[in-house]
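The values are calculated or read from the model by the stated rules, or taken from the named source; none is laboratory data. Just so you know, these numbers come straight off a predicted model, no measurement behind them. Cβ placement follows ideal geometry from the backbone for every residue including glycine, while neighbour counts extend to all protein chains displayed. Just so you know, the surface numbers come from the protein's heavy atoms only, side chains and all, with ligands and any DNA or RNA stripped out. Shrake-Rupley method; radii C 1.70, N 1.55, O 1.52, S 1.80 Å.
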Amino acid sequence: MAALLKSNCMAQKSLAARPVRSLATVAPRPSRALVAPVRASSAAVSEIVDKLKTLTLLEASELVSEIETTFGVDASAAAAAPVAVAAAPGAGAAAPAAEEEKTTFDVVLEEIPGDKKVAVYKAVRAIADIPVNLVKEWTQTLPKTLLEGCSKEDAEAAVKQLTEAGAKSKVN
């Protein structure tokens with residue numbers, strides 16, 4: 001323990017003996033992420049890049065169209081990929097606004113209380129047209145989708161009927 005404390009004190013002394021440089025005297029280093037890697041390029045590539053720099057916007061658009069048809073590629077997919085990645089963090093907030101209004105709904109039967117089974121079985125039979133002998137078997141594993149792809153009004157009416165019978169249900 002004493003040796004550990006002694007070595008710790010010696011380390012602190014050696015740090016204290018170092019001269020402190022101010023930030024003003026230290027030259028800033030360029031960030032590695034911002035510095036483009038230097039690549040050796042052929043004369044042909046350099047020539048093409050130089051010609052691309054002189055193109056107008058209309059000419060560049062025509063060039064992209066010609067490349068797409070010649071090589072059978074879609075330049076919009078390649079250009080949209082970085083944009084989609086950049087938009088991903090905020091996409092959760094924008095998704096509900098961009099989503100179209102839902103036109104078909106599902107009614108899900110979630111729970112049947114033990115004392116309300118008979119009333120709920122009758123409601124299930126009326127809503128889903130399930131035979132009497134299959135209702136009990138059908139409702140043994142819940143949650144289960146009772147109606148699929150129905151209108152909003154039909155879904156709300158079914159949920160109301162199930163709720164009045166004592167079941168717990170929801171519209172998806």
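Laid out as a table, the results:
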quantity	calculated
Subset tally (residues that are surrounded by 14 or more Cβ atoms within 10 Å (Cβ to Cβ) and either of a type in the set (Phe, Trp, Tyr) or more than 12 Å from Leu109 (Cα to Cα) (or both)) for segment 139-152	1
Unique residue being at pLDDT 90 or above and either outside any strand (DSSP E or B) or over 30 Å from Glu68 (Cβ atoms) (or both) when the list is Ala93, Ala155, Ala88, Ala84	Ala155
Condition check for Val64: open to solvent by 60 Å² or more (accessible area, probe 1.4 Å), more than 30 Å from Leu146 (Cα to Cα), aliphatic (A, V, I, L, M) and at pLDDT 60 or above	yes
Verdict on Asp74 being of a type in the set (D, E, K, R) and either within 30 Å of Glu156 (Cα to Cα) or modelled with pLDDT of 85 or more (or both)	no
Every residue from segment 30-61 that is among the charged types (D, E, K, R) and at pLDDT 85 or above	Glu47, Asp50, Lys51, Lys53, Glu59
Yes/no for Ala155 being within 16 Å of Thr104 (Cα to Cα) and open to solvent by less than 60 Å² (accessible area, probe 1.4 Å)	yes
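For every residue, the table says whether it meets (1) at pLDDT 90 or above; (2) in a helix (DSSP H, G or I); (3) closer than 14 Å to Leu109 by Cβ; (4) aliphatic (A, V, I, L, M).
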{"position": "Ala119", "(1), (2), (3), (4)": "yes, yes, yes, yes"}
{"position": "Ala123", "(1), (2), (3), (4)": "yes, yes, yes, yes"}
{"position": "Asn133", "(1), (2), (3), (4)": "no, yes, no, no"}
{"position": "Lys136", "(1), (2), (3), (4)": "no, yes, yes, no"}
{"position": "Leu162", "(1), (2), (3), (4)": "yes, yes, yes, yes"}
